[in-house]
Amino acid sequence: MSTSQFTSLFQHRDYLRLFTAQVSALFGTGLTTVALGLLAYELAGAAAGAVLGTALTIKMLVYVTVAPVVAAFAHRLPRRPFLVALNAVRGAIVLGLPFIDQIWQIYLLIAILQTASAAFTPTYQAIIPDILPDERDYTRALSAAQLAATMETLLSPMLAAAALTLISFHWLFVGTAIGFAVSAALVLATRIPGPATGAAGSFRERITVGLRIFAATPRLRGLLGLNLVVAAAGSMIMVNTVNYVRDTLGGTQSGVAMLLAANGFGTLLVAMALPRLLDRTGARPVMLTGAATLVLGLGAAIALSTAGAGDWRWSAALTIWLLIGAGTAAILTPTGQLLRRSARPADRPALFAAQFSLSHLAWLISYPVAGWLTAAAGFTLTWITLIGLAGAGFAVAQRMWPRRDPEQLTHLHAVGTIDPARLRDAERVDATHYRHTHPYVIDVDHPRWPTARQLAAAA
Ligand SMILES: [Zn+2]
């Protein structure tokens with residue numbers, strides 16, 4: 001997706017405001033994540049990883065339970081006041097975080113904070129199609145949202161690293177609160193139309209459609225594995241960085257931010273270089289290379305965790321964290337394009353929603369592993385477990401996603417199984433079959449992916 005395609009999108013003033021509101025809120029959440037890691041260390045010391053693992057697991061539990069429920073009711077709520085209220089709640093919670101002195105208070109505040117975030121996202125997503133009635137604009141907006149989320153994970157640690165050289169981490173929470181305040185102000189400035197009636201069915205229906213497309217499309221089964229690879233490597237970064245820097249490397253809070261920034265820098269480099277490469281090679285080699293890079297990065301981290309002391313470990317760690325950022329970007333950047341390719345326009349929101357849930361499910365597996373296992377068994381065993389998860393995801397992706405994955409498929413339809421109006425361009429091959437060629441996606445007329453044998457018969 002090139003920047004010029006986004007330019008036309010950002011000419012919609014209300015969309016631009018709302019998008020900026022979403023981005024500020026995202027950055028708010030991102031800064032909180034960094035500050036939270038440091039707060040957990042202040043309160044729990046060596047057990048900080050377990051605290052973070054639990055806090056992030058709570059986040060994911062809230063995301064997979066609250067988001068669908070809110071999404072189902074999003075069309076009945078007064079949307080603008082609701083979004084403003086959610087930002088106010090988040091801002092207030094974040095301002096409370098520096099005053100915390102008990103670990104259970106972290107969990108409680110995180111549960112409330114993430115409930116507000118989990119309610120914000122689907123409400124925001126439900127508004128976009130009403131602001132952007134044009135199908136293509138809407139699809140671009142879905143990609144922009146996904147890209148923004150990716151950019152946030154890489155840019156907020158860098159921002160935090162820069163800030164931490166000047167101030168203590170408690171002030172990061174203030175920066176976060178400002179992010180939510182800006183977000184609320186922008187929502188207030190946006191004209192949000194009343195919800196369109198007859199939207200694309202209930203969330204339950206949409207999620208079922210999305211999951212069905214996922215299960216039936218080979219390249220998306222591959223994406224399922226890739227989600228797990230990203231979560232396994234990402235959990236190590238998110239949960240273990242603080243303890244690794246402070247306890248093993250003997251670094252400070254700016255050391256923590258520096259490693260997170262290296263991770264973000266890797267993501268940034270690849271995300272910028274990728275669009276041109278993607279045009280040439282297609283998504284599969286790029287994403288599988290990304291997955292291999294993440295497995296390699298985890299392997300190098302395991303080796304590093306068994307190495308003796310020495311300052312060289314800093315440069316090794318910086319390289320590994322950078323590598324993992326790069327691998328993550330190679331998987332996340334093309335994901336939106338992959339989803340767009342795999343559904344009719346009408347089914348795309350369902351598919352993006354399914355990816356939202358499925359990717360969070362992968363984090364729900366990997367966060368507790370990274371958090372609780374480290375406290376009990378140390379980095380080496382934890383990262384061996386994570387590399388096991390990542391390796392399994394990589395194997396699934398490689399097996400499920402066929403090397404040859406053209407957009408257009410020549411395939412047969414049996415007479416009587418499809419509306420004849422859809423076969424106007426088809427040719428009759430025998431008494432019972434029609435043949436035609438078009439971009440193949442799972443839909444009502446194409447409920448299953450053709451097998452290799454069926455494709456050979458159609459050729
Ligand atoms: Zn067809």
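Derivation of every value follows stated rules applied to the coordinates shown; laboratory data play no part. All values derive from a computational prediction rather than experimental measurement. Here the Cβ positions follow ideal geometry from the backbone for every residue, glycine too, while neighbour counts run over all protein chains shown.
In the range 210-298, the C-alpha radius of gyration followed by the widest Cα-Cα span (Dmax) gives 16.2, 49 angstrom.
Here, the range 1-123 is characterised by an Rg to Rh ratio of 1.04, where Rg is the alpha-carbon radius of gyration and Rh the Kirkwood radius.
Counting Lys and Arg as +1 and Asp and Glu as -1, each charge on the Cβ, what is the dipole of the chain about the Cα centre in debye, to the nearest 20?
Magnitude of the dipole: close to 780 debye.
Stokes-Einstein diffusion for the chain at 4 °C, viscosity 1.567 mPa s, with a Kirkwood radius from C-alpha pairs, works out to 56 µm²/s. Shown for the chain are the DSSP H helices of 20 Å or more along their axis, judged by Cα atoms, with a mean Kyte-Doolittle hydropathy of at least -1.0: 13-44, 48-73, 79-96, 103-131, 135-164, 170-188, 218-235, 253-281, 283-305, 312-332, 348-368, 374-400.
Taken over the Cα atoms of the range 408-458, the convex hull encloses 75 Å³ per residue. Put simply, when 386-394, 312-320 are sorted by average Cβ atoms within 10 angstrom per residue, most first, you get 386-394, 312-320.
Stokes-Einstein diffusion for the range 71-132 at 20 °C, viscosity 1.002 mPa s, with a Kirkwood radius from C-alpha pairs, works out to 169 µm²/s.
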